[in-house]
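Single-structure report; data block below.
Values in this text are rule-based calculations from the coordinates and carry no lab data. All of these numbers come straight from a predicted model, not from anything done at the bench. Heads up, the Cβs are rebuilt from the backbone with ideal geometry, glycines too, and the neighbour counts pull from every protein chain shown.
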C-alpha cells in the first residue's frame, strides 16, 4: 500500500487490518478528496510561482545584460585609443574601441585584412616586431610609429597585450594605438624653444622677485663675461660690474612700477670691453599683484650704433670724395651766417666748377673722371684750413666755406690759392690731365644771409667767370644777377623764337684768293626779335649753349642747309660748298651723326653730301676726342667735308691733323688782323699753310678786310678767303643772285 494512503488511513483513525465502517469510509474518502484538492492547489501555486520567477529572471537578466553592454559601450567609447583584436598572423579581426575617424583606412577595408596589406612598409615593420616580441615574452610591448596622411604626418604609440586562445585556435593580441602627434610636436617645440633660446643673439634672463637668476642663455654670458653657471648658481643679478649696477637698479625699479621698461645702456664685460645694449625688462605678477618673475631681454646694438654713425656720415658726406655733401654744407653755412652775425665779421663762399671736366669724363670714361674728382678734393683739402669746409656740391662742382675773414682782399687771396691748385697736371691711369676751374664768390652778410641766396649768388658769379674765359674768379655783383635774369628771360624767348620761326640764315660768301671767283658760303644764324630787332649771335648763342637749346637750333640750321643745297642743285646754281658750324654741346651728343644723317636722307641732301662742309673749332675736337672722332668718321663716310675753324688757337694741332679726316683748315681772324703789323702772326700763317700742304689740305682765311691782307695771303699760297673786303653776309636772295650771275643764268629765274 502506498505510504500516502497509509498516512491518510492512519490520520482518519482506520485500522488497516479491519474493514472500516461506512461512516468511517465516508470520512476517509472525504479526507482523500481534500488531500487531492489541497495537493492540486499546492501544485498550481508552485507551478504558477515557478512560471512567474522564470519570466522575472529573464527580464532581470536582460536588464543586466543591457546595462553591461551600455557600460561596456560607454567605456569603449570613452577610450582614447584605437583598440584592435589581432591574431598571431597579424590579421585584424575586430575593432573594439576608438574613434573610427582616426583610422588609416575605412573600417570595412581593415577588418579581416592583414596589416601588411593595409599599412606602409616602414610602420608595419615596426608594429610586426612589436607583436612578435609580445607573443614571445607574453608581456606588454610598446612601439612608436608614424603615418603619412593628407593632412600631414601623424605620430602613434602602440601597445601590444597577449590574450588567450581565440575560437580559431590561434592566440589573440589586443593592440592599443594612441595618437601622440601633439605630444611629439610639443616635445619638438620644447626642444626647438630650448635651442632657439640658447642660440639666440639676444641675451635672455629670467629672475625671481629677489633678482636671483633662474635662467640665462649663452648670449648673456658673452655680453658679461660670466659663464651661465656663474650667472645661475651664485645667487646674484646678471650685471656684476659696479658701473652697471646703478643704471640696472633704476631700470628694475621702473619696470616694477610700470610692468615694462626699456633703455639703451652700456654693459661692461669682465675683461674690460663694453657693448651698447638695448635692455628691456618685464615683470610677471601673481594673483596678489606681487612680482614673481622678472624677464630681461638684452639686444646688442653695437653694430646698429656703428651703422647709424656710418649712415649719418653717408647722409652728410659724398661717397666718392669723402667731403661734406650739399646737405651738410648748407647746415654749416647756416651756422656760419649766424656766427658771423653774432661776431660782426664776414664769411665767404667759393663756388667752383671744373672747366672741361665733362670732356674728360665722356672721352676717358667715368673711372678716370671719378679719380680726377678725388684728386681735386684731396688738393683742395690740403690748401684749406681744418676749420674751413670743403664740400662737393654735385657733379664737378665744389664749394669752399670760410667763415672768419676780415676784408674782401682775404677772399681774393684764397681764390688765387685755389686757382693755383690746378697749375700742376693730374696723372690718372697713364693720362696727364690739365684742367682749370672757374670760381664764383659770394660774401656774407654783404651778398645775403640766406643759405639758398648765398649759394645762388656764388653760382651766378661762377658762370660770369666762365663767360670771361674760365680759369679765374668773379665776385658776385648785381650786374651778374641782372645778366643771369636776362639769360633766363632769353632762354624763354629762344624757345618762342623756335616756335615762331624768328630765326633765319645769312650767308657769308667765300672766294678764290687769286681769281676772286665765288667758291661757296658759310651759313650764319640770325635772330629777328619781335621787340628788340636783330639780336647778335654773340648774345643768344652762349645762352643757347648753356641751356641746351643749341641742339635744337643746330638741327634747324642743318635742315635749312640741306634744303638749300638740294634746291640750288636742282636750280642749276654752281657752288663748291655750303659750310655750317657745329657747337660744343652738339658734339657732346653721341647720336649727333645719326641725327644729321637722318636729316640728309629725309631732305635728299645725302646725294649732295660733298657740297656740305662741317666746321668744328679745334678746341672742340681736343675736348671731345673719342666722341668727336667717332661722330666725324661717320659723317665723313657720307661724303661730307670737314674743316677745322680757328686753326692755331687750340692745342696739339699736329695730333689733330693726323687723327681726324680733315679737308680744310680755316685761319683765324686773330692772325689775319695783324698781317703787316706782327711778324709772328705772319709766320704762324706761313707755317699753317705749309703744314696744310704737307697733309694735303686746303686753306681758307677769314676776317680779310684790307687789300694788303689779301695780297699777303695770295703770296703765301692761301687758296680761299672770306671777309668784309670782298663781301658782307648776304640774304638768301642776294646769295642766289650772285650764283646766277656767276653761272650766267637769267636773273628772272632767281627765287628762294
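Which value results for Rg/Rh of the stretch 238-361 when Rg is the Cα radius of gyration and Rh the Kirkwood radius based on the inverse mean 1/r? Show your work: numbers first, answer last.
Working: Rg = 24.9 Å, Rh = 19.6 Å.
For the stretch 238-361, the value is 1.27.
Per-residue extension of 0.36 nm, minus the Cα-Cα distance of residue 574 and residue 449, leaves a gain of 38.5 nm for this segment. Each DSSP beta bridge with both residues in the stretch 317-476 is either parallel or antiparallel, and the antiparallel ones are about 90%. Short-range pairs are left out: with C-alpha atoms under 8 Å and at least six residues apart, the relative contact order of the stretch 317-476 is 29 percent. Relative contact order of the stretch 89-169: 21 percent, from C-alpha pairs under 8 Å at least 6 residues apart in sequence. By the count of other C-beta atoms within 10 Å, a proxy for reagent exposure, 137, 299, 477 are ordered fewest to most as 137, 477, 299.
What are the semi-axes of the equivalent ellipsoid of the stretch 477-585, taken as the square roots of 5 times the eigenvalues of the Cα gyration tensor, listed largest first and rounded to whole Å?
On the way: eigenvalues 202, 47, 29 Å².
Over the Cα atoms of the stretch 477-585, the ellipsoid semi-axes are 32, 15, 12 Å.
Note on the stretch 341-385: Cα convex hull, mean projected area over all directions, 4.4 nm². Were the residues from residue 728 through residue 229 laid out at 0.36 nm apart, the gain over their Cα-Cα distance would be 169.3 nm.
I need the peptides 263-275, 458-470, 598-610 ranked by packing, meaning the mean over residues of other C-beta atoms within 10 angstrom, with the highest value on top. Don't skip to the answer; put the middle values down first.
On the way: 263-275: 14.2, 458-470: 20.0, 598-610: 17.2.
The most tightly packed comes first, giving 458-470, 598-610, 263-275.
Once the chain from residue 304 to residue 482 is taken as fully extended at 0.36 nm per residue, the excess over their C-alpha distance is 59.0 nm. Placing R0 at 25 angstrom, the Cβ-Cβ distance between residue 528 and residue 741 gives a FRET efficiency of 0.40 after rounding to 0.05.
Given R₀ = 41 Å, FRET efficiency for residue 344-residue 382 by Cβ-Cβ distance, to 0.05? List each step's numbers first, then the result.
Values: r = 31 Å, r/R0 = 0.75.
Computed FRET efficiency for residue 344 and residue 382: 0.85.
Simple spin-label estimate for residue 262 and residue 431 gives 5.2 nm between the two label positions (7 Å along the Cα-to-Cβ direction from each Cα). Looking at the calculated P(r) for the stretch 212-305, what percent of the C-alpha pair distances fall above 19 Å? That tail contains 40 percent of the Cα-Cα pairs.
What number, in nm² with one decimal, is the all-direction average of the projected area of the convex hull of the alpha-carbon atoms of the stretch 284-330?
Working: hull surface 23.0 nm².
Result: 5.8 nm².
The packing ranking of peptides 300-306, 557-563, highest mean first, is 557-563, 300-306, where packing means the average number of other beta carbon atoms within 10 angstrom of each residue.
Under the simplified labelling scheme, the residue 185-residue 417 pair shows an inter-label distance of 7.6 nm, with each label point 7 Å from Cα along Cα→Cβ. Over all directions, the projected convex hull of the C-alpha atoms in the stretch 447-501 averages 4.7 nm² in area.
Of the beta bridges in the stretch 490-746, as assigned by DSSP with both residues counted there, near 40 percent are antiparallel. The simple Förster model, with R0 at 56 Å and r as the Cβ-Cβ distance, assigns residue 673 and residue 270 a FRET efficiency of 0.05. At q = 0.22, 0.32 Å⁻¹ the log10 of I(q)/I(0) for the stretch 384-426 amounts to -0.89, -1.19, computed by Debye summation with a single uniform scatterer per C-alpha, solvent ignored.
Counting pairwise Cα distances across the stretch 317-476, what percent come out greater than 24 angstrom? Please list the in-between numbers first.
Values: 3742 of 12720 pairs.
Counting pairs separated by more than 24 Å, the tail of P(r) holds 29 percent.
Per residue, the average separation of C-alpha pairs within less than 8 Å and at least 6 apart gives the stretch 257-308 a relative contact order of 30 percent.
Considering every alpha-carbon pair of the stretch 490-746, the percent of pairs per 5 Å bin, from zero through the bin containing the longest distance, is 1, 6, 13, 17, 18, 18, 15, 9, 3, 1, 0.
Kindly state, as a whole number, the per residue volume in cubic angstrom of the convex hull around the alpha carbon atoms of the stretch 79-185. Each step should come with its number before you reach the end.
Numbers: hull volume 10.8 nm³, N = 107.
Considering the Cα atoms of the stretch 79-185, their hull volume per residue is 101 Å³.
Label-to-label distance for residue 711 and residue 559 is 4.9 nm, based on points extended 7 Å past Cα in the beta-carbon direction.
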